[in-house]
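Remarks on the structure that follows.
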Amino acid sequence: MEDGTIVGYSVKVGDKVKKGDVIFDIETDKTTVEVESPADGFVKYILAETAQTLPVGQTVMILAGRDEKIPRRLLDSLKVKTPRKSTKTRHAPPQPAKSTLPETTAEIKLGSIVPLSRPQKITAKKMLQSKLEIPCFYLTVKADVTALAELRNSMNDDSNVKISFNVFFMRALAIGLEKFPLMTGQFVDDIIRLPENIGIGLAIYLPQGLVAPVVKNANKKNITEIANDTNALIEKARSNKLTPADLEGGCITVSNLGSFGVESFIPIVVPGQCSILGIGQITDTCLPDNGGIAIRKMMSMTLSVDHRITNGAYSGRFLDFVRKTLQDTSNFA
């Protein structure tokens with residue numbers, strides 16, 4: 001993170017605050033974060049306007065005791081001229097925190113100009129960085145998920161936790177990443193750095209944009225635990241409550257467009273990760289079966305891989321292992 005945008009203030013100059021009170025909200029990469037007061041005190045100055053973008057480390061607000069004098073040297077360094085002027089012109093009125101992302105796409109129409117929100121600009125920048133800096137290759141396989149579909153239906157009938165297909169994909173990837181640890185690597189300064197823990201991102205499609213929060217320690221969790229984490233992250237994403245920590249620590253991301261009828265696609269690797277898995281639609285397919293024909297549920301998976309970290313043979317073995325893991329439902333018992 002290099003900068004952030006002030007979304008709204010919960011206090012105004014003169015207000016008394018306690019340590020831990022939310023004093024303003026700031027929009028970071030794809031999420032809005034509540035900033036809490038670091039101490040008890042009174043709001044003396046607010047130095048940034050709503051919607052203003054500031055670099056990390058920039059002073060936003062000055063808190064002090066009720067009658068405490070603020071040193072002139074500090075005020076000068078922050079370019080605060082006088083308390084009266086600061087009070088009248090430098091603070092933003094308190095207002096409910098609200099994301100600057102558009103809530104719907106209703107205004108998008110032919111002939112219109114569509115401004116990009118800050119998170120959308122960040123996404124565009126990261127995707128361009130990926131295409132320019134990451135030399136990718138792509139592998140595609142088809143998986144027979146007939147038995148997996150039956151298992152999912154059975155588990156959902158017996159559980160209060162909603163289990164999506166994505167949960168199985170993430171579990172299979174976690175098992176595969178333990179066996180093929182190079183696939184967790186991050187290319188940094190001509191070395192490959194492997195993380196201590198396996199985090200798997202899940203692309204979530206929202207009206208206001210795309211986010212990819214991360215399930216932490218996915219290799220140490222069973223199907224139900226991953227489902228609980230995934231459902232919680234989806235709910236946080238929909239209510240715009242994701243934190244920066246929710247978006248960190250991923251070494252691979254799952255992007256599933258099957259629900260949109262997409263049979264296969266080539267996803268773009270998230271900078272800082274080794275690969276991303278694109279999941280296509282599950283379709284009923286007629287296949288030869290002991291001299292006859294059987295209807296099986298087939299699904300395409302496309303893996304985009306950073307060639308600086310690994311090669312086609314290693315990645316191919318990894319993807320084949322993930323495919324076989326999905327087809328053997330005993331792995332999810």
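The values are calculated or read from the model by the stated rules, or taken from the named source; none is laboratory data. Please read all numbers here as calculations on a predicted model, not as lab measurements. All Cβ positions, glycine included, derive from the backbone under ideal geometry; neighbour counts span all protein chains shown.
Annotations for the structure displayed:
- Extreme residue, nearest to Leu116 (Cα to Cα), among residues of segment 2-39 that are among the acidic types (Asp, Glu) and free of Cβ contacts under 8 Å to residues at least 24 places away in the same chain: Glu36
- Residue selection: Leu151 fails the criterion of being closer than 23 Å to Glu196 by Cβ, part of a helix (DSSP H, G or I) and in contact with a Phe, Trp or Tyr (Cβ under 8 Å, 6 or more places away or on another chain).
- Test result for Gly272, among the small types (Gly, Ala, Ser) and assigned to a strand (DSSP E or B): no
- Members of segment 285-298 found to be closer than 18 Å to Asn256 by Cβ and touching a Lys or Arg at 6+ places or on another chain (Cβ under 7 Å), listed by number: Met298
- Note on segment 234-256: among residues that are in contact with a strand residue (DSSP E or B) (Cβ under 7 Å, 6 or more places away or on another chain) and among the aliphatic types (A, V, I, L, M), the one that is nearest to Asp25 (Cα to Cα) is Leu242.
- Qualifying residue in segment 36-51 (condition: closer than 21 Å to Lys121 by Cα and touching a Gly at 6+ places or on another chain (Cβ under 8 Å)): yes
- Residues that are without any contact (Cβ under 8 Å) to a residue 24 or more places away in the chain and touching a Gly at 6+ places or on another chain (Cβ under 6 Å) within segment 52-77 comprise just one, Ala64.
- Sole residue being modelled with pLDDT of 95 or more and closer than 30 Å to Leu116 by Cα, chosen from Asn228, Asn256, Asn217: Asn256
- Set side by side, the residues Gly65, Gly41 differ, and just one is at pLDDT 90 or above, crowded, with 18+ Cβ neighbours inside 10 Å and over 30 Å from Leu233 (Cα atoms), which is Gly41.
- Subset of segment 235-266 [over 19 Å from Gly278 (Cβ atoms) and not in a loop (DSSP other than H, G, I, E, B)]: Glu235, Lys236, Ala237, Arg238, Pro244, Ala245, Asp246, Leu247
- Ala203 being buried (at least 24 other Cβ atoms within 10 Å of the Cβ), aliphatic (A, V, I, L, M) and either assigned by TED's automatic domain parsing to the domain that holds Ile309 or under 18 Å from Thr31 (Cα atoms) (or both): no
- Of the candidates Glu196, Glu225, the single residue that is out of contact with any His (no Cβ under 9 Å at 6 or more places or on another chain), surrounded by fewer than 21 Cβ atoms within 10 Å (Cβ to Cβ), acidic (Asp, Glu) and in a helix (DSSP H, G or I) is Glu225.
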